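Presented below is the structure to which this report refers.
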Amino acid sequence: MSTLQMMAAGMQAQRPGGDVLYAPMIDARRMEVFTAVYDQALGALLPPQAMILEPGAFELFIAQKTVIFFGDGAPKWRELLGEPTNTLFPSYQISAEHMIGLRPKPLRIRTFKMWHISPRTTLKPSTTPVKSNIR
């Protein structure tokens, strides 16, 4: 379960029903956010990724359905978007309670991960310092 999916589940609980898409945004830096787009079943239409916000970035989704943008990165997008059409920008407070609805599925189908030995999924590459042989 990703933080973005958890946020989408929380917004879905806050604003149930309707034919909408959920676009959680976590502020990264400058004009960059971590974001994804989820449908009503919380399936990722746009997988979690780091994105530099540019005009037209979500044009495809906005043209299809109403998109709910939320999270601490959403104000950046709202400012860049200008006059929002077919978009909503409700307030949102992240909470661990939003994980509750997402956890039962792995428990039901018995797919457990051994978190202490599973590789960590990150969106940005890591670097390893190179040891110099200079004396």
**Message:** Going through I94, I100, I109 one at a time, which residue ends up being surrounded by fewer than 18 Cβ atoms within 10 Å (Cβ to Cβ), at pLDDT below 90, touching a helix residue (DSSP H, G or I) at 6+ places or on another chain (Cβ under 7 Å) and under 24 Å from Q12 (Cβ atoms)?
**Reply:** I94
**Asked** Just for segment 28-46: of the residues that are of a type outside the set (A, V, I, L, M, F, W, C) and closer than 13 Å to I68 by Cβ, which one is nearest to the chain's Cα centre (by Cα)?
**Response** T35
**Request:** Quick one: count up the residues across segment 13-27 that are at pLDDT 90 or above and either under 13 Å from the mean Cα position of the chain (by Cα) or of a type in the set (G, A, S) (or both).
**Result:** 7
**Residue in segment 28-59 that is modelled with the lowest pLDDT, counting only those that are among the small types (G, A, S) and outside any loop (DSSP other than H, G, I, E, B)** = A28
**Enumeration of residues in segment 53-65 that are exposed (fewer than 11 other Cβ atoms within 10 Å of the Cβ) and closer than 18 Å to I26 by Cβ** = E54
**Prompt:** Does at least one position in segment 35-43 carry a residue that is at positive phi, among the hydrophobic types (A, V, I, L, M, F, W, C) and touching a residue at least 60 places away in the same chain (Cβ under 8 Å)?
**Reply:** yes
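The values are calculated or read from the model by the stated rules, or taken from the named source; none is laboratory data. In this text the structure is predicted, and so the values were computed from the model without any measurement. Counting neighbours? That spans all protein chains shown, and the Cβs are built from the backbone with ideal geometry, glycine included.
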